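The values are calculated or read from the model by the stated rules, or taken from the named source; none is laboratory data. Values in this document were obtained by computation on a predicted structure and should not be read as measured data. Positions of Cβ are backbone-derived with ideal geometry, glycine not excepted, and every protein chain shown enters the neighbour counts. Ligands, DNA and RNA are excluded from the accessible area calculation, which covers all protein heavy atoms including side chains. Shrake-Rupley method; radii C 1.70, N 1.55, O 1.52, S 1.80 Å.
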Amino acid sequence: MTSIQELKSTRGAEDEENLKLLQLVAVKDKVAFEKLYTRFYPQLSRYLNRLLRRPEMMEEVVNDTLFVVWEKADRFQGRSKVSTWVTGIAYLKGIKALDKLRTVPDQQADSIDEEIEESVNLISKLGLQEWLTCGLDMISADQRSVVELTYFFGYSYQEIAETMGCPVNTVKTRMFHARRRLAKLLPQLQEHKGADSSEKGTRKNGVGESLE
Amino acid sequence: MGKKHENIAQLLPWFVNDSLGRKEQALVLSHLAGCPDCQQERDRLQDLQALIVDGSMVLPDYRFSFRKLMARIEAAELNKESTADHGFGKKRSWLPGFGLAASVSIIAGIVAFVPISSDQNKFQTLSTVTATQGMSHRFSLTFAQPISAQTMRQALIDTNSYLVSGPDSSGAYIVDIAVPDQMTDDEFIHSIKTIDGVEDAAFVGP
């Protein structure tokens, strides 16, 4: 498993390399584009899989994103990291794809609270990853994006605001609502952790105590 | 709970992912020392992060997706050239137009229905097959029938074929196509030759 710290420590050097490749892509270098594609394919797939919750749409939206990168590489002005710029395009493409499907918009997300209550019993029977999958299904796409960019990609709230094209306070608000909804399911996580810990006889430093 | 507590609690996710600036990090640390609620929330968020980072995902081979995208890019570029030619009203020779039409014919042929295994007694588009299986081979194809640039673009997107070059002096195009595993070389060539507009097809390399 790659830790957030490991991911963050390699990000500076990676972005330097991404910038070099993007400059070559701007002059339509297809070999550089393939290298850039292989770099971004895993992380965009992961991000869009989480955002869309529809694996069958993932490849198409990844390619929509990188098609824009190919077309607009010469317009990148270096005001953000290349990865932030590319992820921002992926976010917009993902949201557009979801709009086409007429999925639940943010303003209707409050009704999801009722679904959470009904689902708690079912989720208690699931494993942790299934729990997470169900939990993420119950928050809006914008909230999922903030959660994923924070916890998996290790982005700061300023970088997330840049990626999603919104004020930092909007990022904090989306995270607040996501936490509130996920918290209703967290007791299930605590029970699982307790069971796991008692079986293995081990526990992470300082994490388990408050979950008793 | 005070305003300060609320502000600090909002920052906890980014304290957990270690992306806060020094000043904010110091503020959170100082608050955490005296706030059991925030300590508990921090622990929950650490667990949540561990779970999210741990979620593995099996990715398909990027090469299939990349070939699709390159086909789309090629088509878009051809379309731009075609639009530019028409938009500025330049008088062009018949040859480039024919070349574009012939390219479309290639793709139209690929999109056409070809039989798959006899026991299934079903038909499937070649593009569906190439998207999921089969080794890529290089073909030389010649065509006779003109087709619109729009059809060509859509066909390139829909299929996994990759236009390499052409036409040469004899009017042949070089394309890469993934041959379905369940078809022999002869069967595949034959299936292409039976498509309307295709005059000839031959392997030129793996």
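Can you tell me how many residues in segment B:51-71 are within 8 Å of chain A (Cβ to nearest Cβ) and either open to solvent by 60 Å² or more (accessible area, probe 1.4 Å) or free of Cβ contacts under 8 Å to residues at least 24 places away in the same chain (or both)?
Summing the residues that are within 8 Å of chain A (Cβ to nearest Cβ) and either open to solvent by 60 Å² or more (accessible area, probe 1.4 Å) or free of Cβ contacts under 8 Å to residues at least 24 places away in the same chain (or both) in segment B:51-71 gives 12.
So which residues in segment B:26-49 are more than 7 Å from chain A (Cβ to nearest Cβ), in a helix (DSSP H, G or I) and surrounded by fewer than 19 Cβ atoms within 10 Å (Cβ to Cβ)?
Matches in segment B:26-49: B:Ala26, B:Leu27, B:Leu29, B:Ser30, B:Leu32, B:Pro36, B:Asp37.
Looking only at residues in segment A:53-78 that are away from chain B (no Cβ under 11 Å), at pLDDT below 90 and assigned to a helix (DSSP H, G or I), which one is nearest to the chain's Cα centre (by Cα)?
If we take residues in segment A:53-78 being away from chain B (no Cβ under 11 Å), at pLDDT below 90 and assigned to a helix (DSSP H, G or I), then A:Met57 is nearest to the chain's Cα centre (by Cα).
Within the group A:Arg102, A:Arg39, A:Arg46, A:Arg50, which residue is at pLDDT below 85 and either open to solvent by 60 Å² or more (accessible area, probe 1.4 Å) or within 11 Å of another protein chain (Cβ to nearest Cβ) (or both)?
Testing whether each residue is at pLDDT below 85 and either open to solvent by 60 Å² or more (accessible area, probe 1.4 Å) or within 11 Å of another protein chain (Cβ to nearest Cβ) (or both) leaves just A:Arg102.
Restricting attention to segment A:114-144, report how many residues are away from every other protein chain (no Cβ under 13 Å), modelled with pLDDT of 75 or more and outside any loop (DSSP other than H, G, I, E, B).
Result for segment A:114-144: 3.
Working only within segment A:145-173, note down all residues that are within 12 Å of chain B (Cβ to nearest Cβ) and not in a helix (DSSP H, G or I).
The answer is A:Phe152, A:Phe153, A:Gly154, A:Tyr155, A:Ser156.
Are there any pairs with C-beta distances below 8 angstrom linking a residue in segment A:156-185 that is in contact (Cβ under 8 Å) with a residue 40 or more places away in the chain to a residue that is open to solvent by 50 Å² or more (accessible area, probe 1.4 Å) and in a helix (DSSP H, G or I), with the two at least 6 apart or on different chains, and if so which?
These pairs meet every condition: A:Gly165/A:Leu92; A:Lys184/A:Glu117.
Assess whether A:Gln107 counts as being in a helix (DSSP H, G or I) and either away from every other protein chain (no Cβ under 14 Å) or at pLDDT 75 or above (or both).
Considered against the rule, which asks whether it is in a helix (DSSP H, G or I) and either away from every other protein chain (no Cβ under 14 Å) or at pLDDT 75 or above (or both), A:Gln107 comes out as yes.
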